[in-house]
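Please read the structure below before turning to the comments.
Quick note: the coordinates plus some simple rules give every number you see, no bench work behind them. Every value quoted in this text rests on a predicted model; they were computed, and no experiment measured them. Counting neighbours? That spans all protein chains shown, and the Cβs are built from the backbone with ideal geometry, glycine included.
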Amino acid sequence: MSVTGPSRALGRVFDRVADAYDAARPGYPDELFRALGEMSGVELTGATVVDVGAGTGISARALRERGARVVALDPGREMLARLVARNLSSSTAEPRGQGVVVAVQGDGNALPIRDGGADLVTYAQSWHWLDPAASVTEARRVLRDGGAIAAWWNTTDAGRADWLAAYEVRLAESCPTYWGPALPEWNVPQIAAALPVEERWLRWTRLVAVDDFLLDLRSHSYMVTMPQEAADELVAMQRAELLRVFPEGVLTVPMRVYLAVGR
Ligand SMILES: C[S@@+](CC[C@H](N)C(=O)[O-])C[C@H]1O[C@@H](n2cnc3c(N)ncnc32)[C@H](O)[C@@H]1O
């Protein structure tokens, strides 16, 4: 199947929606981190992890909470500023095990990191923004012998809910640059073509208020590149339809995570 996707040049687009991203994007289920440990052979507690495309820190914090020492790397100044702010504010408020997050502004295609020191290189929803060959060459360079490369993506699972399938069809019809599961040509990013990986799909369920779900929608690159008026109209239309089905304003969203690990 031929697979395209968002232009890599759009990678910095997230800086324009850093607040929405930080406030409304979902986290990852516990099961993902159990599977990551199992498939990579890397114990997260005490591991040195380079989290490439760390953004506002959703993945980096989850790794830290499991005891990892995380180098959170991203080219986006605004995205990293949210990560740093949360890191500082949580230093006294949250129990964090032995983990730590250090933010580094940089490019995952040319990692500013020494050879051979990392146990894991992770790409949480981010590998598709990088150069498929250069990113993997760099990840291999910074990994120790026996280290692993892991990439994962949260996707909605519309096959499990008609309302979600209808929502995604409306999105595909109204947003010219939409790229997602409602398109027949959509697929998960093809990291399996760039290195040998073991793959796993993990199901989970997200409970979320309609307004937060729509704020999450605003943080997707295909929405950011839409003219403001058209984006506002689309969000208003989706809000009305969702509230018609869920008048109480809370959604139960079937989700799944695709996890690929190369050793
Ligand atoms: C969809 S966000 C993922 C953020 C975070 N890992 C998470 O789990 O939510 C993708 C991130 O990849 C970053 N990115 C884009 N191009 C990149 C590059 N060349 N090197 C590293 N990160 C990049 C973007 O700035 C953005 O923060």
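Sorted by packing (mean other beta-carbon atoms within 10 Å per residue), highest first, where do 196-203, 102-109, 215-222 land?
Going by the mean number of other Cβ atoms within 10 Å, highest first, we get 215-222, 102-109, 196-203.
Going by a ≥ b ≥ c, the root eigenvalues of the Cα gyration tensor, does region 195-259 fall in the rounded group (a/c under 1.5), the prolate group (a/b larger than b/c) or the oblate group?
Because a/c hits 1.5 or more and a/b fails to exceed b/c, region 195-259 counts as oblate.
Could you bin all the Cα-Cα distances of the chain into 10 Å bins starting at 0 and give me the percent of pairs in each, rounded to whole numbers?
In order of increasing distance, the bins hold 7, 30, 37, 21, 5, 0 percent.
So how tilted is helix 77-90 from the main axis of the chain? Cα-based, degrees 0 to 90, rounded to 10.
70
Roughly what angle does helix 228-245 make with the longest principal axis of the chain, taking Cα atoms, 0 to 90 degrees, to the nearest 10?
80
Would you calculate, for the chain, the mean residue ellipticity at 222 nm contributed by helices, counting each DSSP H stretch of 4 or more residues as -39,500 (n - 2.57) and dividing by all residues, to the nearest 500?
Using -39500 (n - 2.57) per qualifying helix, the result is -11000 deg cm²/dmol.
Angle check, please: helix 162-174 long axis (alpha carbons) against the longest principal axis of the chain (alpha carbons), in degrees 0 to 90, nearest 10.
So the inclination is approximately 90 degrees.
Determine the distance separating the Cα centre of region 211-263 from the Cα centre of region 38-64; give it in Å without decimals.
26
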